[in-house]
1. Given the criteria under 18 Å from residue B:59 (Cβ atoms), of a type in the set (A, V, I, L, M, F, W, C) and not in a loop (DSSP other than H, G, I, E, B), does residue B:371 qualify?
2. Which of the residues spanning the stretch C:121-145 are crowded, with 24+ Cβ neighbours inside 10 Å and among the acidic types (Asp, Glu)?
3. On the given criteria, is residue B:211 in contact with a helix residue (DSSP H, G or I) (Cβ under 8 Å, 6 or more places away or on another chain) and within 11 Å of chain C (Cβ to nearest Cβ)?
4. Filter the stretch C:224-247 down to residues that are in a loop (DSSP other than H, G, I, E, B), within 20 Å of residue C:147 (Cβ to Cβ) and of a type in the set (A, V, I, L, M, F, W, C), then give me how many there are.
5. Any residue at all in the stretch B:13-32 that is within 14 Å of chain C (Cβ to nearest Cβ), surrounded by fewer than 22 Cβ atoms within 10 Å (Cβ to Cβ) and part of a helix (DSSP H, G or I)?
6. Considering every residue within the stretch A:43-66, establish whether at least one is outside any helix (DSSP H, G or I), touching a residue at least 24 places away in the same chain (Cβ under 8 Å), over 30 Å from residue B:187 (Cβ atoms) and of a type in the set (Val, Ile, Thr).
7. When you scan the stretch B:418-467, how many residues do you find that are away from chain C (no Cβ under 14 Å), part of a helix (DSSP H, G or I), over 22 Å from residue B:201 (Cβ atoms) and of a type in the set (Gly, Ala, Ser)?
8. Please count how many residues of the stretch B:405-414 are within 21 Å of residue B:48 (Cβ to Cβ), assigned to a helix (DSSP H, G or I) and not β-branched (Val, Ile, Thr).
Amino acid sequence: MLKGRIQDLVIGVIALAIGIVMFIETKSFPDITKVYCRIVLIILIVVGAAMILTSLINARKPGPEEVHVKEWVNPLIIFAFVLVYVIMIDIIGFFVSSAIIMPVVMIFMGYKKPLPIILTTVGMLGFVYILFVTQLKLRMPQGLLF
Amino acid sequence: MSMWEGISQAFAHLFTLEAGLGLLIGVVGGMIIGALPGLSATMGIALLIPVTYGMDQTAAILMMAAIYTSAVYGGSISAILIHTPGTPSSAATCLDGYPMTQKGEALHAIGLSTTSSVIGGIISAIALLLIAPPLARLSLNFQAPEYFLIAFFGLTLIGSLASGNMLKGLLAGAIGLTFGLIGLSPEVYARFTFGNFQLLGGIDLIPAMIGLFSISQVMILGEERGKHSSNVKVEAEIKGRFLPPAKEFVGLIPLILECSVVGVFIGILPGAGGDIASWVGLNLAKNQSKHKELFGTGIPEGVAAPEAANNAVTGGALIPLLTLGIPGSSTAAVMLGGLTIHGLNPGFELFSKYAGVTYAVIIGFLVANILMGLVGWAAGRYLTKVSKVPIPILLPCIAMLSIIGAYATKQNMFAVYICVIFGLLGFVMRKFGIPTAPVVLALILGPMADEQIYQGSMQALGFKKTFFQYVLSRPICIVLLGLIVLGLFSPLISALISKGYKKKYGDVGEAAEDI
Amino acid sequence: MKKLAVIALALVMALGLAACGSKKAWPDGDITIICPFSAGGAMDTSARLTAEFLAKQLGVNVEVSNVTGGGNWTGYAQVINAKGDGYTLGFSNYPGQVGGYLNPNNKISYTYKSFTNVADIVHDPGIIVVLLDSPYQTLNDLIEAGKKEAMTISTGGAAGSDDDVLVRLLNAKYGTKFVPGGNKDDKDAKNALFGKAVAAQACNVSNYWNKWDGTGEDYVRVLAVFDEKRNDLMPTIPTAKEQGIDLTSSSDRGMVAPPTLDKDVLNKLVDALKKVQEDPEFQKKAASYGMGINMLFGEDFEKYIQGVEDTLNGMKKDLGWE
């Protein structure tokens, strides 16, 4: 029972903490700016405090769905892929990075047939090239390579 | 020159090959641009302005207007099929559109979106045609105090958007408001930028939105790893027809019309655009619904309302643009540049000296909305096939398009990093049951409220009043304040009323409500 | 000894000739102008106008790339860090750029000297307008009223924009109590004026160049042009100086380039721009957008920017930038 409520507690604490830290930052702001910032941060702090309170008050009652962190492994790996993808784009350019990452992710996700993988990658990159580079004249991130 | 003279002149400009081509390319191109995550109508028109250089005036402006309405509609397609808003105006459509796809009702959802968008667009075109000048004059009465209250009103909607845990909804709103603090303040003071000039502009809405909705979705799809081998396709069978069943449609008409009118009105206001309108529409639908708790599970109202509202904004935004040269939305602002380049200076002259071209564009805009519906109807069945693509193939494609979308708005990689970070944030939020929609709404409305308080204060000084005195001295503000109070207390009031009924009639009252 | 020297000289000359021959003359490919402002706005339109006619002179494609964000500095930083081979240029506005780095809070380490300042192109003098039914018939009417009580004048930007600075300069020099409106942009400022939320609007000639000489519903009364001489697009409007108010103000837009820009390329670029200025087609089109063209090159340009910097430095306290 308690486990579910711990989430709310954690979130509440984080919100409260961030709110307070930022509030202290606003001390150095000029007068007009202070007002709006403080209003927003007070809302954040109050909501954070409210979450802490409700989690404590309702500690005995059944909580929200438990968060199974084990489920998070694959999504987080995907996130890592995305991050690496973006960094690669910055360094070696969009088209090369996409040509590498897209098939890798497809295979990671368990797809094994080579033909659809290749066709999709080539097709998508072709579509992007025609639409964005040729027609809309968008400068794609170049990096070192294409 | 009377309106009828203008209209008769319009046909000469409209029935040319160039105008027709501009119309067609605008509608189809607009839909594609809108459907691609991150490429909004604003961007599409901006990128296409140079392409219109050699074109005839009517054809060029008509194409821009066609792109506008078509892109706003197109955004709903990706919102429905892959939970990725194609434009900021379609974020609200994700909430019920995607669940419908998950239930196998993708075609039904697209059909609803198409119908609502077309109706919304047509109503705004009629407003543009018949009552543009008086509406434009009305919009001038909305200044900083009114905009502040509108932003405030929008923020109070956050409570109702969080179906279920209101506290978590408020948290999401608070998160959005806090992110909105980053960047240059209205009085040009850099807040929370940590010395990094990249943050001077604040957190850009589109990359953040793409991150919160799309990248988080990509991560969630990652959970399906290994569950689908290459031989197995996505389970859900595509049920339903494109056109909504007659009974359902008739039931939706009042809502669609209401949202359209609201949309036109929001469009006229230079400070508000399609993104705000879609949330207001959704909120209207929720308030008037007898089964509020079904929102978010995939019900027709959840798609029809925002889509009618956001397309109605398009024609509305053109009203102050053409009459006063004050664009009614950020997309219209780009069109202002387009008009100037083609030698058409906005103002009441457009309706007298250039009446032929202007009315041609307006009528063409009306036709564009109808054409858009036809294209959507023709393409609908094929589009839904996207939902059948195996997830391992779909996932990297969504990621790639999202990243291009985040890049394209600013043409710098920082925006893409913001997108990715918000993707992680969105994923964590969704896993903890915190809704992401309020974050987007707060990112739009927070800075708007901030701006308007500042400008309102400056204006108030000129009237020798404090900000609050200034607000209270304006009649429209009083009306808005009344609406806000009503909105805040209506759940309370309706709860009290239903309790009263129960007391008097016992449980029979409740059963009667379900009929 | 002599023979060796002659051979050495010949070798050096041959190498020199070879080097010249192998370097392809600029421009030999597409040029990109980075515009840190979004498409459709005044800056973007100016950049595209320049690009179109520069392309005509140079015979290559000149594209405009809108790199927005970071308070315009993302785009500026891209220009500063680009290669000086002449294929990446930039567009900037003044006093906007200067205000950006003078504001200590923005923590921007660049200054106008971080660029190669190629040419000032568009010169858009400041004006103050009121509605046709306003009680103020002349600039002095407005100023006299402003001395007595606070009045809000809408501006096309907050602290540091040229409109905002003009209002503050009036206060500083003539003791008026004008409140700068702090609006987000020109369209916002226009909305405030027509909605009667402010007494007047400080803006530029290009905003109303075709809406001052008549009585239409969206026309205004121009009280003064803040320039050295009268403006071609508003010939019957007196300058502020003529009315006894000694102030000038303008919004300028010009071309910048990476600091490492090759000297030869710079000279060719300047020559091309000079020809653009003389092109009657260019002049016609600029006039149709209400843009005044007054190109300043090299040192003249930098002198102008330094002047802008000095003015803003003098107002640091008022702007809140101490």
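The values are calculated or read from the model by the stated rules, or taken from the named source; none is laboratory data. Keep in mind it's a predicted model, so treat the numbers as computed, not measured. Glycine also receives a Cβ, built like all others from the backbone with ideal geometry; neighbour counts cover every protein chain displayed.
1. Details: under 18 Å from residue B:59 (Cβ atoms): yes; of a type in the set (A, V, I, L, M, F, W, C): yes; not in a loop (DSSP other than H, G, I, E, B): yes.
Answer is yes for this residue.
2. Selection gives C:124 alone.
3. On the way: in contact with a helix residue (DSSP H, G or I) (Cβ under 8 Å, 6 or more places away or on another chain): yes; within 11 Å of chain C (Cβ to nearest Cβ): no.
Judged against the criteria, residue B:211 is not a match.
4. Filtering the stretch C:224-247 down to residues in a loop (DSSP other than H, G, I, E, B) leaves C:227-238, C:240, C:244-247.
With within 20 Å of residue C:147 (Cβ to Cβ) added as a condition, the list becomes C:240, C:244-247.
Imposing the further condition that a residue be of a type in the set (A, V, I, L, M, F, W, C) reduces the set to C:240, C:245, C:247.
Result for the stretch C:224-247: 3.
5. Step one: list which residues in the stretch B:13-32 are within 14 Å of chain C (Cβ to nearest Cβ), which gives none.
No: zero hits.
6. First, pick out the residues of the stretch A:43-66 that are outside any helix (DSSP H, G or I): A:58-66.
Narrowing the set further to residues that are touching a residue at least 24 places away in the same chain (Cβ under 8 Å) leaves A:58-66.
Now narrow it down to the ones that are over 30 Å from residue B:187 (Cβ atoms): A:58-66.
Pick out the ones that are also of a type in the set (Val, Ile, Thr) and you get none.
No, because not a single residue in the stretch A:43-66 is outside any helix (DSSP H, G or I), touching a residue at least 24 places away in the same chain (Cβ under 8 Å), over 30 Å from residue B:187 (Cβ atoms) and of a type in the set (Val, Ile, Thr).
7. The number of residues fulfilling the criteria is 1.
8. Going through the stretch B:405-414 one residue at a time, the tally reaches 5.
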